[in-house]
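See below for the structure under consideration.
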């Protein structure tokens with residue numbers, strides 16, 4: 001993993017409410033090494049339905065957010081939404097990221113693509129999913145990972161209706177979700193929701209499971225650094241960020 005000794009800036013387009021403070025807390029801990037400017041896109045308390053998430057991930061909504069984010073001069077831009085990217089499918093999510101990159105005139109990606117890239121980087125071929133979403137929406141993520149060449153050997157759906165409710169989950173609830181989703185033959189457990197707090201609890205999650213964990217907010221930061229060419233080890237963010 002490449003080290004960097006200068007400041008890196010990953011710009012975040014964040015949908016509505018949930019766990020945006022996860023990123024500001026990490027930024028405060030890592031200053032001045034990492035900046036994570038964040039712009040909240042239109043959408044409010046996003047419902048976990050395919051229709052609502054296609055609207056949240058629409059090109060104009062993201063382009064409007066990019067225009068506000070560019071004042072922070074990010075090195076890269078991340079659409080910080082798993083469901084608002086995987087709901088478009090493998091090809092659609094990549095088209096979406098290319099549109100953001102064009103608007104921003106710099107590298108861009110999304111949380112769904114980040115999961116695929118992180119799994120590839122870590123050589124995870126079989127994973128379990130601990131989804132906050134209703135099962136209909138979670139099934140889109142399963143298909144997205146299959147298109148990335150990652151086999152899902154188990155998935156739990158927690159049927160949480162919207163982002164605001166996910167943002168209220170505490171450490172013990174999230175650990176319990178991950179443990180319930182785990183399977184003995186899974187290389188890692190994936191937790192795909194940027195409305196869920198996780199960045200302070202990666203070590204706890206991996207300790208409880210005895211294997212790597214990929215969470216939405218964790219892989220978003222990793223992918224933003226990766227596409228900017230500025231990956232670095234970060235203590236407390238799990239196996240993915242280890243040297």
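Scan segment 74-99 for residues that are more than 17 Å from the chain's Cα centre (by Cα) and either closer than 14 Å to residue 12 by Cβ or at pLDDT below 95 (or both) and jot them down.
74, 75
Are any residues in segment 199-233 assigned to a loop (DSSP other than H, G, I, E, B), in contact with a strand residue (DSSP E or B) (Cβ under 8 Å, 6 or more places away or on another chain) and more than 26 Å from residue 101 (Cβ to Cβ), and if so, which ones?
Initial filter on segment 199-233 (assigned to a loop (DSSP other than H, G, I, E, B)): 199-201, 210-212, 228-233.
Within this subset, residues satisfying the condition of being in contact with a strand residue (DSSP E or B) (Cβ under 8 Å, 6 or more places away or on another chain) are 199, 211-212, 228, 230, 232.
Answer for segment 199-233, where residues must be assigned to a loop (DSSP other than H, G, I, E, B), in contact with a strand residue (DSSP E or B) (Cβ under 8 Å, 6 or more places away or on another chain) and more than 26 Å from residue 101 (Cβ to Cβ): 211, 212.
Can you tell me how many residues in segment 149-182 are assigned to a strand (DSSP E or B) and crowded, with 17+ Cβ neighbours inside 10 Å?
Matching residues across segment 149-182 total 6.
Out of 107, 15, 74, which single residue is in contact with a helix residue (DSSP H, G or I) (Cβ under 6 Å, 6 or more places away or on another chain), crowded, with 17+ Cβ neighbours inside 10 Å and more than 25 Å from residue 163 (Cα to Cα)?
107
Please enumerate the residues belonging to segment 35-63 that are in contact (Cβ under 8 Å) with a residue 60 or more places away in the chain and not in a helix (DSSP H, G or I).
Of the residues in segment 35-63, the ones in contact (Cβ under 8 Å) with a residue 60 or more places away in the chain are 36, 45-50, 53.
Matches in segment 35-63: 36, 45, 46, 47, 48, 49.
If residue 146 meets every condition in (1) surrounded by fewer than 16 Cβ atoms within 10 Å (Cβ to Cβ); (2) under 24 Å from residue 209 (Cα atoms); (3) touching a residue at least 60 places away in the same chain (Cβ under 8 Å) apart from one, which number is that one?
Among (1) surrounded by fewer than 16 Cβ atoms within 10 Å (Cβ to Cβ); (2) under 24 Å from residue 209 (Cα atoms); (3) touching a residue at least 60 places away in the same chain (Cβ under 8 Å), residue 146 violates only (3).
Closer than 22 Å to residue 17 by Cβ, in contact with a helix residue (DSSP H, G or I) (Cβ under 8 Å, 6 or more places away or on another chain) and surrounded by fewer than 23 Cβ atoms within 10 Å (Cβ to Cβ): is that true of residue 200 in this structure? Show your work before the answer.
Numbers: closer than 22 Å to residue 17 by Cβ: yes; in contact with a helix residue (DSSP H, G or I) (Cβ under 8 Å, 6 or more places away or on another chain): yes; surrounded by fewer than 23 Cβ atoms within 10 Å (Cβ to Cβ): yes.
Yes, satisfied.
The values are calculated or read from the model by the stated rules, or taken from the named source; none is laboratory data. Only a predicted model underlies this, so the values are computations on that prediction, with no experimental measurement involved. Virtual Cβ from ideal backbone geometry, glycine too; neighbours counted across all protein chains shown.
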